[in-house]
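Engineer: Just dropping this structure here.
The values are calculated or read from the model by the stated rules, or taken from the named source; none is laboratory data. All figures in this text were calculated on a predicted structure; none of them were measured in a lab. In this analysis, Cβ positions are derived from the backbone assuming ideal geometry, glycine residues included, and neighbour counts consider all displayed protein chains.
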Amino acid sequence: MSHSECYRGFRISALLKGDRDRYDCDDLPGAKQLDANEELALAEYAQAWTEYFDNRNEDLALFHLRRAQELIPGEAVFSRMAGFLLLKGRKYAQALPFLIQNSRYDYKDDLMRCESHLWLGRCLDLLGRRDEAKEQYKRARDLGGSPLSDVAYRHMKKPFRSWELLDMSPDFVVGTALAKYRAK
């Protein structure tokens with residue numbers, strides 16, 4: 001992200017050749033990427049990240065994610081990360097509304113849409129709502145996108161268990177949960 005309206009251009013070919021005289025090129029056109037409200041939401045998101053990983057304070061991390069969501073209600077990453085943090089903290093009932101909201105987002109990427117249904121299904125499984133979980137796994141499976149669709153298919157047969165959350169780590173950089181998707 002740039003905090004100005006100027007972008008410094010450089011030539012990768014010159015950089016790779018070590019040709020210092022040709023590194024720089026003129027400023028690239030562009031406008032400020034975020035408006036004031038979006039900058040505030042980004043600051044809240046960064047604070048949530050700090051609270052979760054640096055200060056080990058899940059409650060404050062969730063507070064900042066909720067504030068970010070209030071600033072930009074249509075941004076999926078805030079509800080997704082709140083849902084993941086609550087799942088990781090074994091607060092399944094509290095995670096559910098966030099993961100439902102995340103699954104309703106109009107993702108342009110099928111893998112993200114698939115993942116949203118997979119995690120919603122997992123939360124439903126952890127709440128003992130197996131039939132609803134299977135519906136979400138079916139949606140995820142039907143979207144394709146291996147290995148996620150393979151995992152969804154497996155969960156249709158075998159419920160997700162809480163110990164599997166040990167393989168999950170919220171990742172604020174890419175705004176998702178990193179998880180080991182077991183083959184069996």
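Engineer: Inside region 99-126, can you point out the residues that are under 13 Å from residue 137 (Cα atoms) and of a type in the set (Asp, Glu)?
Structural biologist: Once the filter is applied, which keeps residues that are under 13 Å from residue 137 (Cα atoms) and of a type in the set (Asp, Glu), region 99-126 yields 115, 125.
Engineer: Quick one: in region 153-175, of everything that is assigned to a helix (DSSP H, G or I) and aliphatic (A, V, I, L, M), which residue is nearest to residue 119 (Cα to Cα)?
Structural biologist: That would be 165.
Engineer: Here's a follow-up. Kindly indicate whether residue 142 is in contact with a strand residue (DSSP E or B) (Cβ under 6 Å, 6 or more places away or on another chain) and in the same structural domain as residue 49 (by TED's automatic domain parsing). Before the answer, list the steps.
Structural biologist: Details: in contact with a strand residue (DSSP E or B) (Cβ under 6 Å, 6 or more places away or on another chain): no; in the same structural domain as residue 49 (by TED's automatic domain parsing): yes.
Against the criterion (in contact with a strand residue (DSSP E or B) (Cβ under 6 Å, 6 or more places away or on another chain) and in the same structural domain as residue 49 (by TED's automatic domain parsing)), residue 142 does not qualify.
Engineer: Would you please name the residue that is nearest to residue 176 (Cα to Cα), looking only at residues in region 84-107 that are surrounded by 21 or more Cβ atoms within 10 Å (Cβ to Cβ) and in contact (Cβ under 8 Å) with a residue 40 or more places away in the chain?
Structural biologist: It comes out as 84.
Engineer: Check region 116-139 and report whether any residue there is over 30 Å from residue 159 (Cβ atoms), surrounded by 14 or more Cβ atoms within 10 Å (Cβ to Cβ), in contact with a helix residue (DSSP H, G or I) (Cβ under 6 Å, 6 or more places away or on another chain) and basic (Lys, Arg).
Structural biologist: Applying the first criterion (over 30 Å from residue 159 (Cβ atoms)) to region 116-139 yields none.
Taking every residue of region 116-139 in turn, none turns out to be over 30 Å from residue 159 (Cβ atoms), surrounded by 14 or more Cβ atoms within 10 Å (Cβ to Cβ), in contact with a helix residue (DSSP H, G or I) (Cβ under 6 Å, 6 or more places away or on another chain) and basic (Lys, Arg).
Engineer: Write out, first by first residue and then by second, each pair whose Cβ atoms fall under 7 Å of each other, whose residues are 6+ apart or on separate chains, and whose first residue, in region 130-152, is in a loop (DSSP other than H, G, I, E, B) while the second is acidic (Asp, Glu).
Structural biologist: If the second residue must be acidic (Asp, Glu), the pairs left are 143/110; 144/110; 145/110.
Engineer: Turning to a different aspect of this structure: Mind counting the residues in region 49-75 that are of a type in the set (Gly, Ala, Ser) and surrounded by 15 or more Cβ atoms within 10 Å (Cβ to Cβ)?
Structural biologist: Qualifying residue count for the region: 2.
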